[in-house]
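Below is one structure, written out as structure tokens; the observations come after it.
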Amino acid sequence: MFVTTARIMRPDDANIVGNVHGGTILKMIEEAGCIIGTRHCNTQPGDRCAAQLARVERTDFLYPMFIGEVAHVSAEITYASKHSVEVQVHVMSENILTGATKMTNRAALWYVPFSLEDVDNVTEVPPIKYASPGQEEEGKKRYEAQKMERLETKERNGELLMPVSAPDRTTKEPYTVGFSQSSLIHLVGPSDCTLHGFVHGGVTMKLMDEVAGIVAARHCKTNIVTASVDAINFHRKIMKGCVVTVSGRATFASNKSMEIEVFVDADPLIEAEKGKYRAVTAFFTYISLDKQGKPLSIPPMKLEGDGEQRRFEDGKMRYLQNKAKRLADKERQQ
């Protein structure tokens, strides 16, 4: 089963120099994944359901997209477990003046189907046909790996609230974490939500990218673009009527890239007794560009305290692991 969507990029999709926001691309990726996931999960008799995003694997932004180009988003179901489905998505950009096309993004998303009759009931996913036993086995390995990582991340961040305070640039030095950290508050309305009244994953990711981009721009003071997003884990659902606080802080900077940690905390207004909770976590990576679109060096971070030093070392480890993986993938393709 395949789904393809397309949309021309408008000025409100991009930053001030014409680069399409990473959050806009992530939102389109999730929309295509939600369509195909929901369609597949309703191909068998029984309760009608809607696919809810549970996780997005690492997403690399291979090339920038610009105003006036057409984004073509293709989604395919590649694995189905009993209660979840994997969707692989590819994004191509098309210059409609020249006809030139290029791949800009690849992503893998995991969805869980929830019954429309009982929003707490996870329905069973219809099986899919695999081209070979090997394809099914590889999919199962990916499923087990993401399941394990989701549990580990939830244990580390799921209920632990670490709010990022509003930046105090009158007392904080430039290039410190406190100088660039940023937050955004958003009231979840009907247009943000699925049939269940839960927030669309793409809406949440777009807000996360906006906050992370502000952090990166405040640190670099240049044009910045999204380079990659580590796995985005959706720990708990966010309901219509919640106030979400999206907070970002710098954790690591190499010479060429900068990592931003982003938290999404949800606060139910109507059911306030349930209390505020951590809903989503992720790491975004940005690069700095000059006016000609060429990479610039990232200013070094000024670390304050053991906590910032520890997060910097953790970020450095992720950076080196991802770098090694990219080099290994490049060697395999040669």
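The values are calculated or read from the model by the stated rules, or taken from the named source; none is laboratory data. Source: prediction; values computed, not measured. Every residue, glycine among them, receives a Cβ derived from its backbone with ideal geometry; neighbour counts consider all protein chains shown. Note: areas computed on protein heavy atoms with side chains; ligands, DNA, RNA excluded. Shrake-Rupley method; radii C 1.70, N 1.55, O 1.52, S 1.80 Å.
Could you tell me which residue of the stretch 178-202 is modelled with the highest pLDDT, considering only residues that are open to solvent by 20 Å² or more (accessible area, probe 1.4 Å) and of a type in the set (Val, Ile, Thr)?
Result: Ile185.
Can you name every residue in the stretch 208-226 that is buried (at least 21 other Cβ atoms within 10 Å of the Cβ) and touching an Asp or Glu at 6+ places or on another chain (Cβ under 8 Å)?
Thr226
Okay, residues lined up against (1) free of Cβ contacts under 8 Å to residues at least 24 places away in the same chain; (2) under 29 Å from Gln44 (Cα atoms); (3) open to solvent by 60 Å² or more (accessible area, probe 1.4 Å); (4) assigned to a loop (DSSP other than H, G, I, E, B):
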position	(1), (2), (3), (4)
Val89	no, yes, no, no
Tyr111	no, yes, no, no
Glu117	no, yes, yes, yes
Lys129	yes, yes, yes, yes
Gly134	yes, yes, no, no
Gly139	no, yes, no, no
Glu144	yes, yes, yes, no
Glu149	no, no, yes, no
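Using beta carbons and a limit of 6 Å, which pairs, at least six apart or on different chains, have the first residue in the stretch 308-334 and surrounded by 11 or more Cβ atoms within 10 Å (Cβ to Cβ) and the second one part of a helix (DSSP H, G or I) and among the β-branched types (Val, Ile, Thr)?
So the pair list comes out as Glu308/Val177.
Of everything in the stretch 301-334, what is touching a Phe, Trp or Tyr at 6+ places or on another chain (Cβ under 9 Å), of a type in the set (D, E, K, R) and in a helix (DSSP H, G or I)? Give them in sequence order.
Hits for the stretch 301-334 are Arg311, Glu313, Asp314, Lys316, Arg318.
Search the stretch 243-257 for residues that are not assigned by TED's automatic domain parsing to the domain that holds Met205 and pair each with any residue that is surrounded by fewer than 19 Cβ atoms within 10 Å (Cβ to Cβ) when their beta-carbon atoms are under 8 Å apart and the residues are at least 6 apart or on different chains.
none
Mind checking which residues of the stretch 270-300 are outside any loop (DSSP other than H, G, I, E, B) and surrounded by fewer than 12 Cβ atoms within 10 Å (Cβ to Cβ)?
Ala272, Glu273
Only one residue in Asp47, Asp12 is charged (D, E, K, R), in the same structural domain as Phe61 (by TED's automatic domain parsing), part of a helix (DSSP H, G or I) and over 24 Å from Ala108 (Cα atoms). Which one?
Asp12
Suppose we filter the stretch 3-54 for residues that are hydroxyl-bearing (Ser, Thr, Tyr) and over 13 Å from Val91 (Cβ atoms); how many remain?
Residues in the stretch 3-54 being hydroxyl-bearing (Ser, Thr, Tyr) and over 13 Å from Val91 (Cβ atoms): 2 in total.
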